[in-house]
1. Given a Förster distance of 30 Å, report the FRET efficiency between Thr159 and Glu84 from their Cβ-Cβ distance, rounded to the nearest 0.05.
2. Just the C-alpha atoms of segment 62-145: what Rg/Rh do they give, with Rh taken as the Kirkwood radius?
3. Just the number, please: Stokes-Einstein D of segment 38-100 in µm²/s, Kirkwood Rh from C-alpha pairs, 4 °C, 1.567 mPa s.
4. At a probe size of 1.4 Å, how large is the accessible area of Lys75, to the nearest 10 Å²?
5. What distance in nm separates the two pseudo spin-label positions at Arg14 and His30, each 7 Å out from Cα along the beta-carbon direction?
6. Mind checking the per residue accessible area of the chain for me, 1.4 Å probe, whole number of Å²?
7. With the calculation restricted to Cα positions, what are the radius of gyration and Dmax of segment 70-117 in angstrom?
8. Heavy atoms only, probe 1.4 angstrom, no DNA, RNA or ligands counted: give me Met15, Met122 ranked by accessible area, highest first.
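The values are calculated or read from the model by the stated rules, or taken from the named source; none is laboratory data. This structure is a prediction, so every number in the text was calculated from the model and none was measured. Cβ sites come from the backbone with ideal geometry, for glycine too, and all protein chains shown count toward neighbours. For the accessible areas, the whole protein counts, side chains as well, though only heavy atoms, and no ligand, DNA or RNA atoms are used. Shrake-Rupley method; radii C 1.70, N 1.55, O 1.52, S 1.80 Å.
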Amino acid sequence: LLAENVELTEGIFRMLIRKRGPAHTRVVVHGELPPDLKARTTHLLPIEGVLLLQSIPLLAHATAEQLWNLSAMFKPVSFKSGEEVLSPGGEASMLIVLSGSLHSQPDTGEPQTADSGDLVGMYETLSGTPFAATVTASADGLALKCGRADILDALADNTDLLQGIFSGLLHARE
């Protein structure tokens, strides 16, 4: 039922995410690049994309095949210092910062910084809510980006992965 109903899926994501507090306070989810990837952020091999996704707590229990399919959806995007990378009100996308630094200034709340290994826009992307922050590059860098539609398509095609993310949100500690 969830796989066939995007609105229901997003509604459950919104409920689980709201339970954790205001979304604007969590634009950036801090993570860490696996040590062997820190030196190779300019060109990742497909298997390295899998390792990178595996380091995201919500995907920690995903299978290798699920991670492989997800990693194919993330596309490299470069950014220059001062460039606006994500805008308020726009459709959210997930960004995994490989190098450089991003500054998130929410409409309300404290600014946040995303450095290598951090994830930007996860909660907005999963819940289908408009992005509520301006994300600007504070240093030149590279990120992997995946849009909301691609993520939801992947989850619709894989109910085990969808259930794993729901479980991760339900049991995650911040």
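1. 0.25
2. Over the Cα atoms of segment 62-145, Rg/Rh equals 0.98.
3. Translational diffusion coefficient: 98 µm²/s.
4. My reading of the accessible area for Lys75 is about 110 Å².
5. In this crude label model, Arg14 to His30 measures out at 3.0 nm.
6. 50
7. Here Rg and the maximum Cα pair distance are 11.7, 34 Å.
8. Met15, Met122
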